[in-house]
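See below for the structure under consideration.
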Amino acid sequence: MLPPAWKVSSPRIGGGSLMSHDALIERFLEALVSGDRDAARGVVRDASPTLPEATDLIVDLFWPTYELIEKLNRNDQLSALSYRMSIRLLRVLADQTSASIVRAPSRNKRIFAVGGPTDADDLGVQMAVDMLEANGFTVAFAGGGIPADEILDHVHTNRPDALLMFCPSPQDLPAVRQVIDTIHEINAVPDLQIVVGGGVFNRADGLAEEIGADLWAADPLDLVDELVNHPDRKAEPEQRTVGRRRKTRTAA
């Protein structure tokens with residue numbers, strides 16, 4: 001059962017009202033945390049009139065619900081059982097939806113993506129990877145728990161256009177910082193873009209700049225937007241300082 005204080009706050013989607021979208025996410029969340037597979041699939045079916053494409057489901061249903069689950073878990077408002085059931089069921093639905101994504105023509109851009117150590121972390125990165133592939137990027141996704149030296153070896157050997165690292169918690173930050181510092185020091189792949197995302201960067205404004213990332217994003221759609229619109233952006237040395245705030249991008 002959801003905590004009494006829980007409340008949906010999400011943007012309007014498609015042609016539906018804000019209220020109907022919030023109700024849809026609430027139904028979906030309730031089905032996920034209770035492990036009700038039939039009900040969860042029913043919500044996805046009911047969403048099809050306003051979210052007809054697979055990418056619409058990822059951006060406007062799966063991702064905001066995923067963020068709510070993570071927030072409830074961080075605040076100890078979900079039992080371990082409900083949390084695990086919700087993540088596992090959402091992963092199944094995301095996998096099924098991914099198979100129906102219509103992919104855009106190739107951009108001839110290769111991305112190597114790594115994530116955090118848990119199933120929930122992998123799920124977040126997977127949705128981002130799905131959106132990147134839908135928009136013409138070629139992605140190799142290794143999941144989490146990869147040693148820093150193996151990440152560096154892969155980058156130096158395969159020379160992708162971008163390295164995408166998700167950092168969901170503060171405990172993961174030192175490893176991400178180590179990889180970025182080593183890449184800058186060695187400079188073996190000078191054209192490589194370093195892209196970061198995940199909860200710790202969303203909750204600590206300016207952190208991505210401080211550690212020397214070239215791009216950073218709050219969600220999968222933001223990630224695609226950054227990589228499409230800033231393919232050549234590189235961090236400046238003076239960027240790596242504490243306290244500078246990224247300007248909030250306004251919607252077009």
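Values in this text are rule-based calculations from the coordinates and carry no lab data. Given the structure is predicted, the values throughout are model-derived calculations rather than measurements. Every residue, glycine as well, gets a Cβ built from its backbone with ideal geometry; the counts of neighbours run over all protein chains shown.
Near A80: Cβ cut-off under 15 Å, other residues only, Lys/Arg at +1 and Asp/Glu at -1. The net charge is 0. Here the Gaussian network model covers the chain, with springs between Cα atoms less than 10 Å apart; of E30, E185, E53, E185 fluctuates the most.
Amide H contacts for L51 (H built 1.01 Å from N in the peptide plane; partners 5 or more residues away or on another chain; cut-off under 5 Å): none found.
When the Cα positions of W63, A208, T118 are compared along the charge dipole of the chain, W63 comes out farthest toward the positive end, with charges on each C-beta of Lys, Arg, Asp and Glu. The residues packed around N135, meaning those with a beta-carbon under 11 Å from its beta-carbon, carry a net charge of 0 if Lys and Arg are +1 and Asp and Glu are -1. Seen from A39, the other residues with C-beta closer than 14 Å to its C-beta sum to a net charge of -1, counting Lys and Arg as +1 and Asp and Glu as -1.
The angle between the Cα long axis of helix 119-134 and the main principal axis of the chain comes to about 80°, on a 0 to 90 degree scale.
Computed from Cα atoms, the angle from the helix 63-74 axis to the main principal axis of the chain rounds to 90 degrees. Placing unit charges on the Cβ atoms only, positive for Lys and Arg and negative for Asp and Glu, gives the chain a dipole magnitude near 400 debye about its Cα centre.
Considering only E150, E67, E226, the mean-square fluctuation computed in a Gaussian network model of the chain, springs between alpha carbons under 10 angstrom, is largest for E150.
Please give the helix 80-98 orientation as an angle from the longest Cα principal axis of the chain, in degrees from 0 to 90, rounded to the nearest 10. Roughly 80 degrees between the two axes. Taking the number of Cβ atoms within 10 Å of each Cβ as an exposure proxy, the fewest-first ranking of S20, S82 is S20, S82. Comparing I146, I69, I25 in a Gaussian network model of the chain (Cα springs below 10 Å), the most mobile by mean-square fluctuation is I146.
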